[in-house]
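**Q** Have a look at this one.
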Amino acid sequence: MPFTFRPTQLPGVVIIEPKVFADDRGFFVETYKRSEFVAAGIDVDFVQENHSKSVRGTLRGLHFQRAPKAQAKLVRAIEGEVFDVVVDIRRGSPTFGRWEAVRLSAENRRSVYVPAGYAHGFCVTSAEAQVVYKTSAEYAPELEGGLRWDDPALAIPWPITGPILSPRDGRWPNLGDLA
């Protein structure tokens, strides 16, 4: 099996560690294999892939997309390192408002699977980082939403201070104010 799937404290959120085949030429790694993911309980059709490049201190998120185009995501860093965060925003869930964080880097080659119903974001802890992620629904701007990165109710211990934010990311509501 080319992957190790590690469930987290949040239902459906999974950290994926690939098997890396390295030698003096470099390395080879499978980053996604549908049959292996389905066997591990991740049966999702990905329809869009996004790629971002950011400098140290950039914080992107916490983003989500509402139904009927809620997105599951498969996220990985291909350059540098990010502190990646997933927040349960499913009203009525026993883990509503809880979050999980994982460091994703080009070095550790981990991915994180984020089911629909969760907010997602990351901050860059290296000089630069490139993040690639697949989504299960195409981007629909009219259905996008977000949470404040610094919501005191979440108390996420981001490893940076004074993050670089987009104007939109600086205006998201707190979890308690979500409609």
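Bear in mind that the values in this text are calculations on the coordinates, not laboratory data. Keep in mind the model is a prediction, meaning the values are calculated, not measured. Note that we place each Cβ from the backbone using ideal geometry, even for glycine, and neighbour counts take in every protein chain shown.
**Q** What do you reckon, is L104 out of contact with any strand residue (DSSP E or B) (no Cβ under 6 Å at 6 or more places or on another chain) and in contact (Cβ under 8 Å) with a residue 12 or more places away in the chain?
**A** In short, no.
**Q** Looking only at the stretch 137-167, count how many residues are farther than 14 Å from H63 by Cβ and small (G, A, S).
**A** Qualifying residue count, the stretch 137-167: 3.
**Q** Of F64, F46, which residue is assigned to a strand (DSSP E or B), buried (at least 17 other Cβ atoms within 10 Å of the Cβ), in contact (Cβ under 8 Å) with a residue 60 or more places away in the chain and out of contact with any Cys (no Cβ under 9 Å at 6 or more places or on another chain)? Steps first, please.
**A** Values: F46 fails: assigned to a strand (DSSP E or B).
Selected residue: F64, the only one of F64, F46 that is assigned to a strand (DSSP E or B), buried (at least 17 other Cβ atoms within 10 Å of the Cβ), in contact (Cβ under 8 Å) with a residue 60 or more places away in the chain and out of contact with any Cys (no Cβ under 9 Å at 6 or more places or on another chain).
**Q** Sort out which residues of the stretch 148-179 are among the hydrophobic types (A, V, I, L, M, F, W, C) and either exposed (fewer than 14 other Cβ atoms within 10 Å of the Cβ) or not in a loop (DSSP other than H, G, I, E, B) (or both), and write them in order of number. Outline the logic, then answer.
**A** We begin by selecting, within the stretch 148-179, every residue among the hydrophobic types (A, V, I, L, M, F, W, C); these are 149, 153-156, 158, 160, 164-165, 172, 175, 178-179.
Scanning the stretch 148-179 gives A153, A155, I164, L175, A179.
**Q** Count, please, the residues in the stretch 108-147 that happen to be in contact with a Lys or Arg (Cβ under 6 Å, 6 or more places away or on another chain), more than 15 Å from S52 (Cα to Cα) and assigned to a loop (DSSP other than H, G, I, E, B).
**A** Looking only at that region, the number is 3.
**Q** Please name all residue pairs, on different chains or six or more residues apart, with Cβ atoms under 6 Å, provided the first residue is in the stretch 147-172 and is over 20 Å from Y118 (Cβ atoms) and the second residue is part of a loop (DSSP other than H, G, I, E, B) and hydroxyl-bearing (S, T, Y).
**A** Going by the 6 Å Cβ cut-off, the qualifying pairs are P159/T125.
**Q** Return yes when G117 is touching a residue at least 40 places away in the same chain (Cβ under 8 Å), closer than 21 Å to D43 by Cα and not β-branched (V, I, T) and no when it is not.
**A** Details: touching a residue at least 40 places away in the same chain (Cβ under 8 Å): yes; closer than 21 Å to D43 by Cα: yes; not β-branched (V, I, T): yes.
Here the answer is yes, as G117 does meet what is asked.
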